[in-house]
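Reviewing the structure listed below.
The values are calculated or read from the model by the stated rules, or taken from the named source; none is laboratory data. Only a predicted model underlies this, so the values are computations on that prediction, with no experimental measurement involved. Glycine gets a Cβ as well: all are built from the backbone with ideal geometry, and neighbour counts include every protein chain shown.
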Amino acid sequence: MTLATLSPAEARAAIDAGARLIDIRGADEHARERIPGAINVPLDRICDLPCDGRPIVFHCKAGMRTAGNAAQLAAAAGDTRAYILEGGIDAWRGAGQATLADRAQPLEIMRQVQITAGALVLAGVLLGLFVAPGFFGLSAFVGGGLMFAGVTGWCGMANLLRIMPWNRRAAA
């Protein structure tokens, strides 16, 4: 099933008329920046979505997750009218609508993985070129780990970063 999309202005009007705004991003993303009044129900827990008969507007960061999971979102909404915020929170912010940003919250885990993996690969290449060729193994190890994460859906680096002290502040 395809859900209708709403522009940020149309979504604002729907929310003002009583629609609920549901943020399907992870708790770490929601804690870092959110639309005021949005309820965080991550995609992996969308089956727990409370339905009270009011229309629902789903949003993510850029609209890709909501569009790609429209059938699952429609099923979770049941008989309730449901929509997707076109372009997600990025479009909302771009249209001049208010967001609440808490830059004291840690970066999203996947961004941390990207930064860490990139730094380790770069370090392995530079050390391999200028110190000893054995350091190229570090880049190969990180590349293999990323491939494993892509194939299995389990990322050891993300799990390790998640327990680091700076990530304990994220809202649950």
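Look through Ala119, Ala140 and report the one residue that is farther than 23 Å from Asn167 by Cα, more than 17 Å from the chain's Cα centre (by Cα) and among the hydrophobic types (A, V, I, L, M, F, W, C).
Being farther than 23 Å from Asn167 by Cα, more than 17 Å from the chain's Cα centre (by Cα) and among the hydrophobic types (A, V, I, L, M, F, W, C) holds for just one of Ala119, Ala140, which is Ala140.
Can you tell me which residue among Leu126, Leu120 is surrounded by 11 or more Cβ atoms within 10 Å (Cβ to Cβ), farther than 25 Å from Gln105 by Cα and not assigned by TED's automatic domain parsing to the domain that holds Glu33? Walk me through how you get there before you give the answer.
Numbers: Leu120 fails: farther than 25 Å from Gln105 by Cα.
Criteria check complete, one pass: Leu126.
Candidates Thr80, Thr152, Thr99, Thr116: the one that is in contact with a Cys (Cβ under 8 Å, 6 or more places away or on another chain) and among the hydroxyl-bearing types (Ser, Thr, Tyr) is Thr80. Looking across the range 50-76, the residues that are within 21 Å of Thr99 (Cα to Cα) and under 15 Å from the mean Cα position of the chain (by Cα) come down to Phe58, His59, Cys60, Lys61, Ala62, Gly63, Met64, Arg65, Thr66. If only residues of the range 26-60 that are touching a Leu at 6+ places or on another chain (Cβ under 9 Å) and touching a residue at least 60 places away in the same chain (Cβ under 8 Å) are counted, the one that is surrounded by the fewest Cβ atoms within 10 Å (Cβ to Cβ) is Pro36.
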